[in-house]
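None of the figures in this text is laboratory data; all of them are computed from the coordinates on show. Note that the structure is predicted; figures quoted are calculated from it, not measured. Cβ placement follows ideal geometry from the backbone for every residue including glycine, while neighbour counts extend to all protein chains displayed.
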Amino acid sequence: MDKKNVPVVLYDGDCGFCNRSVAFVMKQDKTKTIYFAALQSNFTKELFIQNDWEEPDLSTFYFIEKGELFQKSKAALKVAKYFSFPFNLIQSFIIVPRFISDGVYDFIAKRRQKLSSGFCLMPTEEERKRFIR
């Protein structure tokens with residue numbers, strides 16, 4: 001697998017809410033082409049260094065598509081285009097001004113630990129192949 005050309009979700013591996021989000025993305029990804037890596041992984045650390053990107057923030061959801069890094073609400077909306085109907089309609093929120101959508105994102109991100117704690121994702125053997133370490 002050429003990790004430079006696959007879509008990758010970067011998430012906080014120690015966050016229950018984030019793990020639930022990964023499970024949701026995995027279930028809704030109709031293409032089964034999205035890969036996943038924890039922000040705490042060596043892959044992510046090396047990727048950010050190689051691309052001279054600012055150190056990742058654990059409260060931020062990142063998505064890499066075609067070598068471009070997206071974050072917060074823009075990342076979520078980019079991921080939605082891979083979803084099955086009706087969840088792919090989420091991407092229509094791209095018309096909402098970024099300061100509003102990122103404001104909502106930040107509101108949820110601040111409370112993510114309280115919203116869902118202690119969720120451990122148990123991927124199947126096939127799903128495990130989509131995780132980058």
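Side notes on the structure shown:
- Pairwise centroid distance, computed over Cα atoms, of the range 33-51 with the range 56-73, Å: 10
- Listed peptides 85-95, 61-71, 9-19 appear in the order 9-19, 61-71, 85-95 once ranked by packing, highest mean of other Cβ atoms within 10 Å at the front.
- Per the Debye formula on identical point scatterers at the alpha carbon atoms of the chain, with no solvent, log10 I(q)/I(0) at q = 0.12, 0.15, 0.17 Å⁻¹ is -0.44, -0.71, -0.94.
- Reachable aspartates and glutamates from Lys66, criterion Cα separation under 19 angstrom, eight or more residues apart if same chain: Asp2, Asp29, Glu46, Asp52, Glu54
- Two-site label geometry, Leu58 and Ile108: point separation in nm, points 7 Å out along Cα→Cβ: 2.0
- The peptide list 52-58, 32-38, put in order of mean Cβ contacts within 10 Å with the highest first, becomes 32-38, 52-58.
- Shape call, the range 15-66: gyration tensor on alpha carbons, a/c limit 1.5: oblate
- Each DSSP beta bridge with both residues in the chain is either parallel or antiparallel, and the antiparallel ones are about 60%.
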